[in-house]
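Okay, structure first, notes after.
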Amino acid sequence: MKQPYLLPDISQPGKIGCSLPALDVPPAALPPEELLRTELELPEVSEMELVRYFTALSRLNYGVDTGFYPLGSCTMKYNPKWHEDIAKFPGFTSIHPYQATETAQGALRLMFDLQALLTEITGMGVTSLAPMAGAQGELASLLMVKAYHHSRSNMMRRKILVPDTAHGTNPATASMCGFEINTVPSDSEGNLDMKRLESMMNEQVAALSLTIPSTLGLFDPQIITIGQLVHDKGGLLYGDGANLNSLLGKVKFGDLGFDCVQLNLHKTFSTPHGGGGPGSGPICAKPYLADFMPTPLVVNKAGKYSFTSPPKSIGRLGAAYGNFGVMVKAYAYIRSLGAAGLKEVSEGAVTSANYLKEKLKADYHLPYNRTCMHEVVFSGKRQKAKGAAILDIAKRLLDYGFHPPTIYFPLVVEEALMIEPTETESKKTLDAFIETMKEIAREVTEDLEALHTAPHNTSVRRLDEVTAARQPDLRWEVKSQRPG
Ligand SMILES: *Cc1c(COP(=O)(O)O)cnc(C)c1O
């Protein structure tokens with residue numbers, strides 16, 4: 001791939017990227033001298049060079065709009081562009097978070113209706129749209145769990161049980177709430193180990209935090225019994241519903257015994273995930289938790305919509321009421337698909353994942369050989385034994401034009417490869433991916449070097465991902481880049 005123009009390379013003293021008209025108003029006084037810079041080292045380029053520079057940079061991006069992006073646990077699916085347009089309607093974008101609610105009745109109605117739709121979809125009693133990420137919804141849910149137990153003068157419940165397959169945010173948010181975390185192991189089928197759960201569940205446990213389907217992409221058929229076991233000992237069942245792509249329109253959390261659950265609108269409901277936001281992680285809870293819900297909830301009193309704070313609310317999660325634009329897209333998505341369409345989403349997602357599973361299980365080890373839900377987890381341990389780590393395989397996929405699936409997660413699978421194809425990909429794309437995965441499996445035997453040195457045709461090779469995440473280098477700086 002051709003390198004983009006580098007600004008320092010094309011910079012020439014005296015070039016300028018814009019032309020200002022002659023001054024036809026009296027010049028204003030400059031700020032005091034100590035606030036002024038005499039030297040400002042910026043690349044000096046023409047307007048066209050600048051346009052080409054940014055256009056070249058934009059082409060380096062890989063996104064779900066440019067290719068297959070089967071990132072397990074993240075639901076990178078196609079999101080209708082029409083929903084972006086709807087979120088941009090002036091009536092939605094020109095309102096201010098703090099304007100009087102009487103003057104924003106349409107927006108509040110949308111929020112009120114979305115609360116009701118999500119309540120219906122999850123089979124719970126009440127929904128708050130306030131959380132702005134999945135992890136924040138988790139945090140809010142566990143704060144509610146805590147508030148619920150405290151309201152019943154039950155201060156002894158200080159533990160949260162978390163399965164060993166859980167997403168990292170689950171133990172992290174429990175710990176932020178001051179809970180002690182006890183890990184429940186999975187059994188050989190990938191389900192929760194019931195014997196261990198039974199022995200761990202006692203009067204000190206505030207809640208079991210459970211993801212269903214689990215991050216192994218499996219639906220735990222013991223779920224009803226799990227709920228009973230937890231409730232019998234006075235605990236609550238909290239669900240991580242970040243990925244609803246297999247349950248949507250099919251199964252309701254409320255019917256499975258969950259007391260509260262968080263959803264990620266920025267995975268399942270028409271907002272792209274990734275890039276750090278904006279997100280929306282609403283929580284849906286059973287009626288007995290309604291008093292603890294985050295502030296605000298939208299209510300309808302005699303035809304007038306307004307915000308309210310539940311009597312024992314855990315409080316606010318941000319300055320206003322969440323990411324409104326994401327709510328608009330979720331609302332548009334649900335309303336345009338309707339109940340039948342939502343069912344089809346789940347059916348398509350599950351079919352795609354199982355298709356990949358069946359086609360690839362001869363080439364890659366499948367630790368849990370059973371029907372999966374919206375994602376399938378393979379293990380690259382056979383390839384590892386031949387000298388190719390799952391990281392090499394992921395990097396090699398880039399050469400073939402695919403974004404790699406999630407790797408090394410969930411932690412309970414050695415050399416994990418977690419593929420989530422989603423319902424929005426065609427059979428043709430899935431087949432191309434399958435062929436490539438088979439080709440890479442052949443390369444492991446025939447051309448290991450190609451894997452060890454991959455990727456070969458991307459603009460950058462293997463990156464120091466930890467430093468990239470912790471100390472992102474996002475700005476052009478004179479010293480670091482100008483030659484000499
Ligand atoms: C994505 C995800 C989360 C966290 O959601 P964020 O919006 O990134 O905070 C939590 N749990 C699971 C299972 C997820 O896939």
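The values are calculated or read from the model by the stated rules, or taken from the named source; none is laboratory data. From a predicted model like this one, the values you see are computed outputs, not experimental measurements. All Cβ positions, glycine included, derive from the backbone under ideal geometry; neighbour counts span all protein chains shown. For the accessible areas, the whole protein counts, side chains as well, though only heavy atoms, and no ligand, DNA or RNA atoms are used. Shrake-Rupley method; radii C 1.70, N 1.55, O 1.52, S 1.80 Å.
Here GLY325 fulfils each of the conditions (1) under 20 Å from ALA416 (Cα atoms); (2) surrounded by fewer than 21 Cβ atoms within 10 Å (Cβ to Cβ) apart from (1).
For segment 371-399, filtering for residues that are over 30 Å from VAL251 (Cβ atoms), of a type outside the set (Val, Ile, Thr) and without any contact (Cβ under 8 Å) to a residue 40 or more places away in the chain leaves 8. The number of residues in segment 167-191 that are within 14 Å of the ligand (Cβ to nearest atom) and open to solvent by less than 20 Å² (accessible area, probe 1.4 Å) comes to 3. For segment 38-63, taking the residues that are in contact with a Lys or Arg (Cβ under 7 Å, 6 or more places away or on another chain) and not acidic (Asp, Glu), the one that is nearest to the ligand (Cβ to nearest atom) is identified as VAL45. Residue check: is ALA104 more than 24 Å from the chain's Cα centre (by Cα), open to solvent by less than 20 Å² (accessible area, probe 1.4 Å), more than 30 Å from LYS343 (Cβ to Cβ) and away from the ligand (no atom under 16 Å from the Cβ)? Considered against the rule, which asks whether it is more than 24 Å from the chain's Cα centre (by Cα), open to solvent by less than 20 Å² (accessible area, probe 1.4 Å), more than 30 Å from LYS343 (Cβ to Cβ) and away from the ligand (no atom under 16 Å from the Cβ), ALA104 comes out as yes. Give the residue that is farthest from ALA207 (Cα to Cα), with candidates limited to residues of segment 130-145 that are open to solvent by 10 Å² or more (accessible area, probe 1.4 Å) and more than 8 Å from the ligand (Cβ to nearest atom). The extreme case among them is MET132.
Exactly one residue among HIS96, HIS150 is within 27 Å of VAL230 (Cα to Cα), free of Cβ contacts under 8 Å to residues at least 24 places away in the same chain, away from the ligand (no atom under 16 Å from the Cβ) and open to solvent by 20 Å² or more (accessible area, probe 1.4 Å), and that residue is HIS150.
Which residue is farthest from the ligand (Cβ to nearest atom), if the candidates are limited to segment 260-299 and must be under 15 Å from MET111 (Cα atoms) and among the β-branched types (Val, Ile, Thr)? Taking the candidates together, the pick is VAL299. Here ALA107 meets each of (1) in contact (Cβ under 8 Å) with a residue 24 or more places away in the chain; (2) among the aliphatic types (A, V, I, L, M); (3) over 12 Å from VAL328 (Cβ atoms) with one exception, condition (3). Has segment 216-229 got any residue that is crowded, with 24+ Cβ neighbours inside 10 Å and in contact with a Phe, Trp or Tyr (Cβ under 9 Å, 6 or more places away or on another chain)? Yes, there is a match, as at least one residue in segment 216-229 is crowded, with 24+ Cβ neighbours inside 10 Å and in contact with a Phe, Trp or Tyr (Cβ under 9 Å, 6 or more places away or on another chain).
Conditions tested, residue by residue: (1) over 27 Å from the mean Cα position of the chain (by Cα); (2) surrounded by fewer than 13 Cβ atoms within 10 Å (Cβ to Cβ).
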site: LEU50; (1), (2): yes, no
site: ASP65; (1), (2): no, yes
site: GLY72; (1), (2): no, no
site: THR75; (1), (2): no, no
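Scanning segment 188-244 for residues that are out of contact with any Gly (no Cβ under 9 Å at 6 or more places or on another chain), closer than 22 Å to CYS177 by Cβ and of a type in the set (D, E, K, R) gives a single hit, LYS233. Candidates in segment 244-255 are the residues that are open to solvent by 20 Å² or more (accessible area, probe 1.4 Å) and not small (Gly, Ala, Ser); of these, the one that is farthest from the ligand (Cβ to nearest atom) is ASP255. I'm checking my understanding of the structure. Among residues of segment 391-421 that are of a type in the set (Ser, Thr, Tyr) and open to solvent by 30 Å² or more (accessible area, probe 1.4 Å), which one is farthest from ASN191 (Cα to Cα)? Of everything passing the filter in segment 391-421, TYR400 is farthest from ASN191 (Cα to Cα).
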